[in-house]
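No lab work stands behind these numbers, since they all come straight from the coordinates. It should be emphasised that the depicted structure is a prediction, and the values quoted were computed from it without experimental measurement. When we count neighbours, we look across all protein chains shown, and the Cβ atoms used for this are built from the backbone with ideal geometry, even at glycine.
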Amino acid sequence: MKTIPLTVLVHDGPMARAYLAALRYHGFKPERIIHLIYENHPATGKPVGRLLPKAMREGYQRKSQEASFFHWPRQLKKTHGKLVAAVSDWTAEVTGFSKEVFEAVLGEERLENFAETTETLKITNLKDARLQKAVEKIAPAVVLFTGGGIVPADLLNIPSLRVLHVHPGHLPEVRGSDGLLWSVLTRGRPGMSCFYMAPGIDTGDLIEAIDFPVMALNLPEQSLEDPQGFYRVLYSFCDPILRASLFGRIATNNETFVAIPSEGQDLNQGVTFHFMHEKLRARVYKKMLEREQ
Amino acid sequence: MQDNPAKDLIPYAGQTVGFTETFLVPFLERQDASWRAGDRAALEALCRKVDIAKKVWKDYSPDWKTARVKEPLPLNWWPLLVAAFLQGATQAQSLPADERPVCLKFLNSAFRALDLYRAAGGKDFADELEQWADDLAGREIAA
């Protein structure tokens with residue numbers, strides 16, 4: 001396993017695990033993981049384990065976070081087995097990944113196994129000064145951001161720090177939320193783009209944007225009876241793996257992570273989409289089931 | 001209603017002020033297929049209000065960033081807003097291929113605005129507007 005000069009900022013969940021497993025699939029180990037532990041519950045916003053003694057609190061926060069972030073992939077594997085299998089089969093076919101990569105999204109392996117060193121960092125959110133300080137300390141560095149949401153400009157402006165991100169849409173055409181679904185709807189197929197993050201939504205210098213083949217899931221129409229389940233399966237077993245596939249390719253072509261060629265985006269081009277309404281989602285799912293003639 | 005939404009909706013909205021008067025009504029009354037300066041930016045700003053903030057105020061500053069009248073958009077003005085998204089989506093169908101996806105963004109906001117309208121107890125024109133949105137979505141996605 002070759003150690004690469006990359007720090008992975010782990011917002012633990014299927015996405016972070018997919019990146020780490022994809023790097024391992026390509027024979028790489030990032031030099032560092034910074035594992036973000038949120039002091040507040042991601043859904044309720046309330047402090048986690050507030051009443052516990054300090055010594056027990058961090059372990060509890062970590063466990064609670066793990067249970068929350070991996071709840072859906074673990075649950076869906078039990079309750080929506082056929083759907084998970086069909087989505088994983090298509091994703092494996094287009095990425096070439098082994099089943100180990102798909103198993104990784106369940107988060108059952110110790111995070112420490114994926115990197116040379118792993119440190120945990122307790123924060124309240126991405127604006128937390130502790131995160132800023134921790135990242136300043138490692139600069140100069142190349143960091144992979146594995147979460148969602150907006151990274152504060154102060155963090156992105158740290159001198160000699162480059163933050164990489166993979167967006168689930170072909171840039172500059174598809175920006176914003178639900179990129180996987182909007183890509184299928186507007187371009188007929190999933191797309192992914194890797195870029196250096198900049199303040200602004202998906203506006204940074206573009207490293208590579210790719211389109212995947214048309215999705216043709218081997219599923220009957222009845223699979224669409226639980227649209228919310230379908231949505232969650234896509235975001236647990238397809239979106240993270242496709243992102244990781246592009247990132248794995250970029251890591252393979254740029255092992256040193258020094259000066260990866262990139263190009264500014266035309267910010268007047270493309271559309272910034274918001275979360276897709278259920279009515280349009282239903283039409284996207286139907287498209288995903290269509291077989292090529 | 002599909003050919004001329006303004007005909008039915010503008011009188012229904014009653015007295016309009018703020019952006020409904022300065023943007024929505026003139027936009028709907030024009031009934032032409034071409035974009036004018038500011039139309040797209042205005043509709044995109046309204047998409048953000050509906051899709052993200054899930055709140056629409058009576059009026060905004062010219063750049064749409066600040067609420068000028070911080071009172072919720074009255075219920076009888078919501079059909080105008082939905083119709084404006086749908087008219088915007090229809091107009092976007094004549095844009096060059098690389099800009100045309102904005103049609104689906106406006107349609108998305110039309111569906112969301114309808115949800116908000118219904119959740120607030122709005123019923124008038126809701127079914128007709130939804131039918132219009134469904135038809136438009138069907139045609140656009142098949143195109």
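Could you calculate the contour length gain from A:S64 to A:R189, that is, 0.36 nm times the residue separation minus the distance between their Cα atoms, to one decimal place in nm?
The A:S64-A:R189 span can extend by a further 41.4 nm.
If the label point is 7 Å along Cα→Cβ of A:K122, which residues in the stretch A:55-76 have backbone nitrogen under 20 Å from it?
The answer is A:55-69.
How would you rank A:69-81, A:244-256, highest first, on the average number of other Cβ atoms within 10 Å across their residues?
Packing proxy ranking, top to bottom: A:244-256, A:69-81.
Note the full-extension length gain between A:A43 and A:F275 as 0.36 nm times their separation in residues minus their Cα-Cα distance, in nm to one decimal.
Length gained between A:A43 and A:F275: 81.7 nm.
What does the net charge come to around A:F70 if you take all other residues with beta carbon closer than 13 Å to its beta carbon, with K and R at +1 and D and E at -1?
+2
What is the sum of charges around B:E99, taking Lys and Arg as +1, Asp and Glu as -1, for the other residues whose C-beta is under 15 Å from the C-beta of B:E99?
Taking every Cβ under 15 Å from that of B:E99, the sum is -1.
Going down the table (A:K63/B:K55; A:K46/B:K54; A:K122/B:K105; B:K65/B:K105; A:K286/B:K65; B:K70/B:K123), which pairs top 26 Å between alpha carbons?
Flagged as over cut-off: A:K63/B:K55; A:K122/B:K105; A:K286/B:K65.
Which whole number gives the average count of other chain Cβ atoms within 10 Å of the Cβ atoms across peptide B:99-108?
5
Please give me the summed charge of the neighbours of B:Y117: other residues whose Cβ is under 11 Å from its Cβ, Lys and Arg +1, Asp and Glu -1.
It works out to a net charge of 0.
Given a Förster radius of 22 Å and the C-beta distance between A:K133 and A:E112 as r, what FRET efficiency does 1/(1 + (r/R0)^6) yield to the nearest 0.05?
Using R0 = 22 Å, I get an efficiency of 0.45.
Calculate the FRET efficiency for A:Q75 and B:Y12 from the Cβ-Cβ distance with a Förster distance of 45 Å, rounded to the nearest 0.05.
It comes to 0.45.
Averaging sequence separations of C-alpha pairs under 8 Å and six or more residues apart, then dividing by the length of chain B, give the relative contact order as a whole percent.
Relative contact order of chain B: 24 percent.
Return the long-range amide H neighbours of A:L6 (sequence gap of 5 or more, or a different chain), with a cut-off of under 5 Å between placed amide H atoms.
A:E31, A:R32
What does the helix-only formula give at 222 nm for chain B: each DSSP H stretch with n ≥ 4 adding -39500 (n - 2.57), the total divided by the residues, and the result rounded to the nearest 500 deg cm²/dmol?
-16500 deg cm²/dmol
So who's got an amide H within less than 5 Å of the one on A:T146, skipping anything under 5 residues away but keeping other chains? H placed 1.01 Å off N, in plane.
The list, which skips near neighbours in sequence, is A:L9, A:H11.
List the residues whose amide H sits under 5 Å from the amide H of A:I37, counting only those 5 or more places along or on another chain, with H placed 1.01 Å from N in the peptide plane.
Here the answer is A:L121, A:K122, A:I123, since their amide H atoms fall under 5 Å of that of A:I37.
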